[in-house]
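All remarks here apply to the structure that follows.
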Amino acid sequence: MGTGTVRAQTAEEAAGLRREQRGWYFYDWACSVYSTSVLTVFLGPYLTSVAEKAADADAYVHPLGVPVRAGSFFAYSVSLSVVVAVMLMPLVGAAADRTGRKKPLLAAAAYTGAAATTGLFFLDGDRYLLGGLLLVVANAAQSVGMMLYNSYLPQIAPPEERDAISSRGWAFGYAAGSLVLVANLVLYSAHDSFGLSATAAVRVCLASAGLWWGAFTLVPLRRLRDRHARVERATAPGPRQLVATVRDMRRHPLTLAFLLAYLVYNDGIQTVISQASVYGSEELGLGQTTLIGAVLLVQVLAVAGALAMGRLARTYGAKRTILGSLVAWTVTLGAGYFLPAGAPVWFFVLAAGIGLVLGGSQALSRSLFSHLVPPGKEAEYFSAYEMSDRGMSWLGPLLFGVTYQLTGSYRSAIISLVAFFVIGFALLARVPVRRAIEAAGNPVPDRI
């Protein structure tokens, strides 16, 4: 009777976890559309054009009386959103761990971001301040939401399943991004057929991402559940929470060692993503259609890459698979250096290489970090992880820009990014992950 009860409970718990996992995937499906369609493709050029309409004779706008070049307004807005996110994430993360109520916080972040993104429909004429404000709110909300979403992983997945589950989450996100981007490009390319102007089509594309985000967030909110808080401590007010989080992490130096390695190689990944289109247009002379097509190819192949690398991790472990992906990144950048100008086919080959390693690198880094987080501090530690992902990726673009300034060659600039993957490889290779997992107080999977 006792054994049967245990089995029944175990089967019931397993079914409950599967239900939560399927719901968890859908948050990536919901919010990744914002990153792809809004941030990567449409908003930058459109907000810049709106700012240029509002600019004075010297091409400056004056938000709050500060003179800003219209062409820099989008970049400054993104930077401000990162500052806001970095201030909010430790506070929200500590509150989530202290109260155990992640789901209401996830709902607040998701619907704040979705509402701001939907509000971009009203970005028209010379309303650049409205666009900047909505961008700051949406981008900061997405960062906070992703931090909370990531922190669920240790709670909904046994250690041996995290690589596969994390990879499926990334695959869901890239699949949604691809699907909506195709629909958006059809609408934008054939806007006359739909009775829309080009600007109206862009506004519809922007707003549709917000509606998508809000609608599909209902799935994880219905399926995920809150756990009782395992730690009770006061949350330090204001920016002091960030200091408190870092101080706590110093008690786990091996976790910090992994985070440092991730910060370095992820800086390289984020810089390649953001600067590849500049390399394609300025150095290789490729048109906008080719560049958008390459973005779509990356999205599609990242689905297959994330799932394939999740399978490799089952055999070789997450650490070895990530190290292999860093070698692949290095080879891809080396090949990119030699791409001939005016040859779209070879640029698509480069995009395919990026897509195949992109999703897996990110998914396995997330799942490996989840093993290094002390129980009860998931959201707080993932706030530091998310800051490494979004808030600290400034050195790569700086190196890219300085290299171009010194050499006048985008080829030299793109090859300079190899340093991030080589240094990241060396730092990660030195992290004893089994000892790090034990030191964090977590069970060590058979294959890691």
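Before moving on, here are some points about what is shown:
- When residues of the range 233-252 are limited to those that are touching a helix residue (DSSP H, G or I) at 6+ places or on another chain (Cβ under 8 Å) and under 20 Å from L372 (Cα atoms), the one modelled with the lowest pLDDT: L242
- Failed item, numbered, when K102 is tested on (1) under 20 Å from the mean Cα position of the chain (by Cα); (2) under 30 Å from L312 (Cα atoms); (3) modelled with pLDDT under 95: (2)
A quick yes/no check of all residues on (1) under 26 Å from the mean Cα position of the chain (by Cα); (2) farther than 26 Å from R203 by Cα; (3) buried (at least 24 other Cβ atoms within 10 Å of the Cβ):
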position	(1), (2), (3)
T10	no, yes, no
A15	no, yes, no
Y27	yes, no, yes
Y34	yes, no, yes
A70	no, no, no
F73	yes, no, yes
P90	yes, yes, yes
A96	yes, yes, yes
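- Failed item, numbered, when P63 is tested on (1) buried (at least 16 other Cβ atoms within 10 Å of the Cβ); (2) modelled with pLDDT of 95 or more; (3) farther than 16 Å from L39 by Cβ; (4) not aliphatic (A, V, I, L, M): (2)
- Applying the condition of being of a type in the set (V, I, T) and under 22 Å from L47 (Cβ atoms) to the range 98-118 and asking which residue is surrounded by the fewest Cβ atoms within 10 Å (Cβ to Cβ) yields T112.
- Annotation note: of G44, G100, the sole residue that is among the small types (G, A, S) and touching a helix residue (DSSP H, G or I) at 6+ places or on another chain (Cβ under 6 Å) is G44.
- Out of A51, A85, A115, one residue alone is small (G, A, S), within 30 Å of L153 (Cα to Cα), at pLDDT 85 or above and touching a helix residue (DSSP H, G or I) at 6+ places or on another chain (Cβ under 6 Å). It is A85.
- If you go through the range 147-186 and pick out every residue that is under 30 Å from M87 (Cβ atoms) and part of a loop (DSSP other than H, G, I, E, B), you end up with 2.
- Residue in the range 433-448 that is most open to solvent (accessible area, probe 1.4 Å), counting only those that are assigned to a loop (DSSP other than H, G, I, E, B) and more than 13 Å from G317 (Cβ to Cβ): P443
- Any hit, the range 22-33, residues being touching a Cys at 6+ places or on another chain (Cβ under 6 Å) and assigned to a helix (DSSP H, G or I): no
- Looking only at residues of the range 187-226 that are part of a helix (DSSP H, G or I) and farther than 20 Å from T117 by Cα, we find that the one that is most open to solvent (accessible area, probe 1.4 Å) is R222.
- Checklist (1) open to solvent by less than 10 Å² (accessible area, probe 1.4 Å); (2) among the aliphatic types (A, V, I, L, M); (3) part of a helix (DSSP H, G or I) applied to V373, failing item: (3)
- Single unsatisfied condition, L356 versus (1) under 18 Å from the mean Cα position of the chain (by Cα); (2) open to solvent by 60 Å² or more (accessible area, probe 1.4 Å); (3) under 21 Å from R430 (Cα atoms); (4) aliphatic (A, V, I, L, M): (3)
- One residue from L133, L153, L120 being more than 21 Å from Y381 (Cβ to Cβ), touching a helix residue (DSSP H, G or I) at 6+ places or on another chain (Cβ under 7 Å) and of a type outside the set (D, E, K, R): L120
- Every listed requirement among (1) of a type outside the set (V, I, T); (2) modelled with pLDDT under 90; (3) in a helix (DSSP H, G or I) is met by L286 save one, (3).
Quick grid of which residues meet (1) under 26 Å from L181 (Cα atoms); (2) among the small types (G, A, S); (3) open to solvent by less than 30 Å² (accessible area, probe 1.4 Å):
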| site | (1), (2), (3) |
| --- | --- |
| V298 | yes, no, yes |
| G305 | yes, yes, yes |
| Y337 | no, no, no |
| W346 | yes, no, no |
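- Yes/no for L43 being modelled with pLDDT under 90 and either small (G, A, S) or open to solvent by 20 Å² or more (accessible area, probe 1.4 Å) (or both): no
- Note on the range 93-120: residues that are in contact with a Lys or Arg (Cβ under 6 Å, 6 or more places away or on another chain) and not in a helix (DSSP H, G or I) amount to 1.
- Test: residue in the range 144-153 that is in contact (Cβ under 8 Å) with a residue 60 or more places away in the chain and within 19 Å of R311 (Cα to Cα): yes
The values are calculated or read from the model by the stated rules, or taken from the named source; none is laboratory data. From a predicted model like this one, the values you see are computed outputs, not experimental measurements. Positions of Cβ are generated from backbone atoms using ideal geometry, with glycine treated the same way; all protein chains shown enter the neighbour counts. Note: areas computed on protein heavy atoms with side chains; ligands, DNA, RNA excluded. Shrake-Rupley method; radii C 1.70, N 1.55, O 1.52, S 1.80 Å.
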